[in-house]
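Q: Got a structure for you, questions after.
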Amino acid sequence: MLNSPRKSREDILCFAIPLFAKSGFDGVSIRNIANQIDLTPAALYYHFKDKEELYFETVKHAFATKTDVAQSLTESNADPIVNLEHFITWFVQTLDRENDFQKLLQWVLLDSNPVRMQNLVKGVFSDLFMVTRKLAEKFTPPYDPHMLSISIIGLVLCHFQSQQGRQFLPGNKAVHDKPKVISAHIVNLLKNGLSAT
């Protein structure tokens, strides 16, 4: 361990993402992380005051680039339905391709510690939510932008959260797991619902 190259703060965050994605906050200890990345716990504490800070910064690091991409997709002056289609396609592809991000997003939204959840939602998830809300506001009235934003995010997330279990449900097909199929289904569902009024 003494001969290992010194790890930067960003290196540590990148190593910690898959560990927290797999087991969440409670399933990972500072010692686990230190062992996985060939550091001492003391070296981790040099960069992060405690496990809470390490977890928060890890999740924030994982979300940072995603939010920037999402924002760029929804800022055009195109028809709101076109922007919605671009956002949903990107979101589905990102969750399909980046399993660690998908799992971290679920851990954030389902955290059992209310204080930690509040910090994560306000400090990390709210940026992605606000991108979605900005998109949703283009459909008002008659839609409540908060509820529409949650519905958009929920429709996408549900396909990934239920992936293991729905294979045992009647009518399930392998094609239902393909990002293009998921995106098209959600876009058509929303497009028809949003256009109906």
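Q: Mind listing whichever residues of the range 139-197 are in contact (Cβ under 8 Å) with a residue 40 or more places away in the chain and among the hydroxyl-bearing types (Ser, Thr, Tyr)?
A: TYR143, SER183, SER195, THR197
Q: Which condition breaks for PHE129 when tested against (1) more than 17 Å from ASN83 (Cα to Cα); (2) of a type in the set (Phe, Trp, Tyr); (3) under 14 Å from the mean Cα position of the chain (by Cα)?
A: So PHE129 meets the others, but not (1).
Q: Can I ask one more? Every residue in the range 65-79 that is surrounded by fewer than 17 Cβ atoms within 10 Å (Cβ to Cβ) and in a helix (DSSP H, G or I), please.
A: If the condition is that a residue be surrounded by fewer than 17 Cβ atoms within 10 Å (Cβ to Cβ) and in a helix (DSSP H, G or I), then THR65, ASP68, VAL69, GLN71, SER72 are the ones that fit.
Q: Take PHE56 and tell me if it is in contact with a Ser or Thr (Cβ under 9 Å, 6 or more places away or on another chain), of a type in the set (Phe, Trp, Tyr) and at pLDDT 95 or above.
A: Judged against the criteria, PHE56 is not a match.
Q: Turning to a different aspect of this structure: Does the range 23-50 hold any residues that are under 18 Å from SER112 (Cβ atoms) and either among the polar types (S, T, N, Q) or buried (at least 16 other Cβ atoms within 10 Å of the Cβ) (or both), and which are they?
A: SER23, GLY24, PHE25, VAL28, SER29
Q: Could you please find all residues in the range 24-45 being among the hydrophobic types (A, V, I, L, M, F, W, C) and under 27 Å from the mean Cα position of the chain (by Cα)?
A: Once the filter is applied, which keeps residues that are among the hydrophobic types (A, V, I, L, M, F, W, C) and under 27 Å from the mean Cα position of the chain (by Cα), the range 24-45 yields PHE25, VAL28, ILE30, ILE33, ALA34, ILE37, LEU44.
Q: Kindly state which helices (runs of 4 or more DSSP H) lie completely within the range 1-64 and contain at least 2 residues that are among the hydrophobic types (A, V, I, L, M, F, W, C) and touching a residue at least 24 places away in the same chain (Cβ under 8 Å).
A: Passing ranges, in order: 9-23, 41-47.
The values are calculated or read from the model by the stated rules, or taken from the named source; none is laboratory data. Fair warning: this is a prediction, and the values are worked out from it, not measured in the lab. A quick note on method: Cβ atoms are made from the backbone with ideal geometry, for glycine too, and the neighbour counts reach across all protein chains shown.
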